[in-house]
Amino acid sequence: MTAGETTISKFPQQFSWEPVVEQGEKLSTYKQIVVCGVGGSQLGPMLIKSYGSHPELVLHRDYSLPEISEETRKETLVVLSSYSGTTEETLDSGREAVAIGLPAAAISTGGELIPFARQHGLPHIVIPDTGLQPRLATGFSMLAIARIIGDHDLVKRIQAAGGAIEVDSTREEGLRLAETLYGRVPLIYTSRRNEAIGYIWKIKINETSKIPAFANMIPELCHNEINGLDLVETTRSLSGSMHVVMLEDESDEPRNRKRMQVASDIFKERGIPVSHVALQGEGFAKALNSSVMADWVSYALAAHYGVPDEATPLITEFKKRIAS
């Protein structure tokens, strides 16, 4: 079994973890929860916002904090989410939250973030450090966020969906899709309601396969991006290298499903390949099973290209240059 296959096979084990909040007695009930994090550390919160019925979640992927009015500060919790604990943007958000007296909590394997949380007496959860890259630790992240929120039913729902993942069920389809994507730039398209799933596919292909990949949503792309694939001879070498992957959901708005089909027909007529992938299940089960399929695709592409399949050395180099 390859390293990638081992990582995928162990993914359901994350969902048996029971997070413990240190200094959890300081947590209260909040009308707004701002989750600060970037990259893979935001995938868990993104899935909860999309499929967990928690509209009060605000995802912040930048330095500092989003605009929070004086009136809502006491009712807002800032959650600092950094798997490594060294993410510059997240630490900056934490320092600002502490400086202005906002309630805050932290989630990390360690790094600088957990000592920061302990120094300032913030509630925090230490995620198991199993050597995974952040994009591969979505289960830990989801459970930690749910526990910080204090929604015990949400924790159970996440654990049930994760524990029911059948990692081999999407393997063959994923490997076949990787074969068709080899040598092309994947364009991952979903409905707006499944935006988080499309974004997960993009991140996993970018980081694991080390190739460009992009994601967009229907109906939005039908009003702009589709025109970028209207080939003429002088643009064929650009747009002609794309391969569209439609992640299709039977429960999507029928008009959006029609848009997917019409867009697919238009792309094929212009010589742009289209692969159709059916999303299976509902809610967290749908998202997690599709995430596993994205892993099969991205690890297989990494093997085809002969690149390292987990580490992200370019991101590491970028961070070092930023810090210098």
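Readers should treat all values here as calculations from the given coordinates under stated rules, not as data from a laboratory. All values derive from a computational prediction rather than experimental measurement. Ideal geometry is used to build each Cβ from the backbone, glycine not excepted, and the neighbour counts take in all protein chains shown.
Values computed for the structure shown
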| read-out | value |
| --- | --- |
| Sorted peptide list for 269-281, 127-139, criterion being average Cβ within 10 angstrom, highest first | 127-139, 269-281 |
| Kirkwood Rh (inverse of mean 1/r, distinct Cα pairs), region 170-285, angstrom | 14.6 Å |
| Candidate lysines - alpha carbon under 19 Å from residue 202, same-chain residues fewer than 8 apart omitted | 49, 210, 286 |
| C-alpha long axis of helix 88-99 to longest principal axis of the chain, angle in ° | 30 degrees |
| Backbone HN-Hα couplings from phi across region 300-309 [Karplus 6.51/-1.76/1.60, Hz, Gly and Pro as x] | 5, 5, 4, 5, 4, 8, x, 10, x, 9 |
| Placed amide H near residue 188: partners under 5 Å, 5+ positions off or other chain | 214, 215, 216, 245 |
| Volume per residue of the C-alpha convex hull in the chain, rounded to whole Å³ | 146 Å³ |
| Cα point-scatterer Debye curve for region 3-163, base-10 log of I(q)/I(0) at q = 0.09, 0.11, 0.12 Å⁻¹ | -0.25, -0.38, -0.46 |
| Extension reserve of the residue 96-residue 182 stretch, reckoned as 0.36 nm per residue once the Cα distance is removed | 26.5 nm |
| Taking 265, 249 and counting other C-beta atoms within 10 Å, the order from fewest to most | 265, 249 |
| Degrees between helix 195-204 axis and first principal axis of the chain (Cα, 0 to 90, nearest 10) | 80 degrees |
| Contact order normalised by residue count of the chain, Cα under 8 Å, 6+ apart, percent | 19 percent |
| For region 137-152, 3J(HN,Hα) per residue [Karplus equation, 6.51 cos²θ - 1.76 cosθ + 1.60, θ = phi - 60°, Hz, x = Gly/Pro] | 10, 4, x, 4, 4, 4, 5, 5, 4, 4, 6, 4, 4, x, 9, 5 |
